[in-house]
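Peer 1: The structure is given below, and queries will be raised subsequently.
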Amino acid sequence: MEQTRKHFSQDYLLEEVRKSFSTGLKREQVEDSKKAAFSNLDCLMAGLSVFTFKYPSLLQFDHDRTQKKTLIQNLKNLFKIENVPCDTQMRTRLDTLSPDVSRPAFQRLFTLLQRAKVLEHFKFIDGNYLISLDGTGIFSSSTIHCQNCCVKEHRNGTKTYYHQVLGAALVHPEQSVVFPFAAEPIIKSDGQEKNDCERNAAKRWIKDFRKEHPHLQATIVADGLSSNAPFILELLQNHLNFILVAKEADHKFLFDWFNCAGQEGAPFFETKEKNVLKTYQYMNDVPLNDSHFDVRVNVVRYTVTEKSSTRTWVWVTNLSVSPKNIKDIVKGGLARWKIENETFNTLKNQGYQFERNFGHGDQNLSTIFAQLMLLAFFVDQCLQHLNKRFQQARVKSGSLRSLWQTMLSFLYLLEIPNFETLYETLIDPPVFKINAVSR
């Protein structure tokens with residue numbers, strides 16, 4: 001069997017994550033109580049195991065922890081947990097941690113991919129990486145809430161309490177895997193009266209991203225909320241390129257300027273493939289709007305016509321557009337959807353239980369669980385892209401959901417020393433022969 005590179009075995013990746021958790025805990029100066037039976041590190045790794053094995057709930061995890069004796073030893077073997085906490089202990093300890101405690105782990109995994117030259121295949125226009133940003137909800141309730149909840153007040157006097165995060169992922173139009181970055185929480189901070197918003201979260205995300213990756217050449221792709229002057233200037237000040245959705249309702253001045261330019265000012269060309277007509281049009285050096293006339297952008301319009309339907313996309317970018325690169329810019333703009341399709345939808349539909357509430361807590365529990373789920377997803381993406389045994393085990397299982405279920409079945413029955421052994425067992429399962437009991 002072809003061997004997986006050492007740095008991309010699941011055992012190595014999880015050991016790096018574990019070390020990074022320790023770094024995150026030291027940075028926020030959180031010390032475990034000497035009297036506590038369960039350390040913060042044990043609780044973080046136990047939480048990660050919940051999402052690694054795609055448990056539907058902490059209640060189910062706690063049931064198996066007490067009823068499946070072999071599982072406890074396997075969690076100790078695979079995640080290096082000294083004492084496996086119950087669900088209540090896990091929630092209590094994690095709730096008090098900073099949402100940033102997992103950031104070093106995301107950074108470490110990304111660095112491993114860089115050093116192994118894995119990301120060379122993800123470079124796109126002018127050697128840049130495409131990073132897609134988008135917000136999504138992680139918790140909503142009409143009754144349960146905490147000091148960090150955002151609040152939506154309805155006309156009938158009721159309230160909805162919610163948490164969101166701004167997700168970010170490295171994407172590529174021709175790659176099926178994506179690699180997530182640490183998400184930015186969209187929550188109320190101490191003393192805030194107004195709700196946090198996606199725009200403010202994006203500015204914070206950029207600041208943290210540049211601290212962690214000061215020299216990474218990147219192009220940000222995002223939806224229409226981002227195509228405003230303050231955010232564009234923020235991107236440029238941080239040496240980030242952009243391809244941002246522009247909607248006519250939000251950019252009437254820009255669309256008028258573009259539509260009135262004619263063929264000479266805004267040249268276009270068409271291609272036809274199997275009765276699908278594709279029209280590409282662009283214009284460089286266009287003012288974003290009349291109140292920010294000095295903020296100049298380049299505009300790309302892409303129209304697809306087939307049978308009786310027509311779809312149109314428009315983006316603004318700082319990349320100089322020409323007939324030579326407009327198709328690539330369009331591909332980059334369309335790749336924005338990968339954070340929805342290959343990230344959020346995968347987390348919702350492939351066993352991660354993204355929309356299930358694993359615990360809200362009084363401080364940061366909801367956000368901590370969201371970060372741990374994204375981190376488990378990051379490890380899985382590395383395995384799907386690079387780990388030969390994992391790839392073969394997935395083929396043998398038929399689907400990811402079936403793979404997760406089979407993994408748990410073996411962990412209930414057999415003591416497994418490491419993940420590579422687990423995947424070899426999944427590929428070539430042992431045959432058990434049980435002798436009949438005579439009456």
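The values are calculated or read from the model by the stated rules, or taken from the named source; none is laboratory data. Just so we're clear, the structure is a prediction, and the values are computed from it rather than from any experiment. All Cβ positions, glycine included, derive from the backbone under ideal geometry; neighbour counts span all protein chains shown. Just so you know, the surface numbers come from the protein's heavy atoms only, side chains and all, with ligands and any DNA or RNA stripped out. Shrake-Rupley method; radii C 1.70, N 1.55, O 1.52, S 1.80 Å.
Peer 1: Of the conditions (1) surrounded by fewer than 21 Cβ atoms within 10 Å (Cβ to Cβ); (2) closer than 28 Å to residue 10 by Cα; (3) in contact (Cβ under 8 Å) with a residue 60 or more places away in the chain, residue 138 fails just one. Which one is it?
Peer 2: Here residue 138 meets the rest and fails (1).
Peer 1: What tally of residues in region 181-210 results from selecting those that are within 21 Å of residue 370 (Cβ to Cβ) and in a helix (DSSP H, G or I)?
Peer 2: Counting residues in region 181-210 that are within 21 Å of residue 370 (Cβ to Cβ) and in a helix (DSSP H, G or I) gives 12.
Peer 1: Next up: Between a first residue in region 44-68 that is charged (D, E, K, R) and a second residue that is open to solvent by 50 Å² or more (accessible area, probe 1.4 Å), which pairs have beta carbons less than 6 Å apart while being 6 or more apart in sequence or on different chains?
Peer 2: From region 44-68, the pairs are 68/412.
Peer 1: Answer with yes or no whether residue 100 is within 16 Å of the chain's Cα centre (by Cα) and open to solvent by 40 Å² or more (accessible area, probe 1.4 Å).
Peer 2: yes
Peer 1: For region 299-309, give me each residue that is open to solvent by 20 Å² or more (accessible area, probe 1.4 Å) and part of a strand (DSSP E or B).
Peer 2: 301, 303, 305, 306, 309
Peer 1: With within 23 Å of the chain's Cα centre (by Cα) and closer than 19 Å to residue 130 by Cβ as the only criterion, which of 347, 334 stands out?
Peer 2: Just one listed residue meets the conditions, 334.
Peer 1: Right, next: Which one is nearest to residue 11 (Cα to Cα) among residues in region 35-73 that are open to solvent by 50 Å² or more (accessible area, probe 1.4 Å) and in a helix (DSSP H, G or I)?
Peer 2: 73
Peer 1: While we're looking at this one, here's another question. Out of curiosity, is residue 198 crowded, with 19+ Cβ neighbours inside 10 Å, touching a residue at least 60 places away in the same chain (Cβ under 8 Å) and charged (D, E, K, R)?
Peer 2: yes
Peer 1: List pairs: first in region 314-332 and acidic (Asp, Glu), second outside any helix (DSSP H, G or I) and open to solvent by less than 60 Å² (accessible area, probe 1.4 Å), Cβ under 8 Å, 6+ apart or cross-chain?
Peer 2: What qualifies is 328/124.
Peer 1: Among the residues of region 350-360, is any of a type in the set (Asp, Glu) and under 12 Å from the mean Cα position of the chain (by Cα)?
Peer 2: Checked region 350-360: no residue is of a type in the set (Asp, Glu) and under 12 Å from the mean Cα position of the chain (by Cα).
Peer 1: Can you go through 20, 49 and tell me which one is among the polar types (S, T, N, Q), under 22 Å from residue 355 (Cα atoms) and modelled with pLDDT of 95 or more?
Peer 2: The conditions single out 49.
Peer 1: Continuing with this model, one more query. Give me the residue from region 395-414 that is among the small types (Gly, Ala, Ser) and modelled with pLDDT of 90 or more and, out of that set, nearest to residue 49 (Cα to Cα).
Peer 2: Result: 409.
Peer 1: Next question. Hey, can you tell me all the residues within region 238-291 that are part of a loop (DSSP other than H, G, I, E, B), open to solvent by less than 90 Å² (accessible area, probe 1.4 Å) and over 18 Å from residue 332 (Cβ atoms)?
Peer 2: Result: 238, 251, 261, 266, 267, 291.
Peer 1: For residues in region 225-237 being open to solvent by less than 30 Å² (accessible area, probe 1.4 Å) and part of a helix (DSSP H, G or I), which is nearest to residue 289 (Cα to Cα)?
Peer 2: Step by step, filter region 225-237, then rank; the result is 229.
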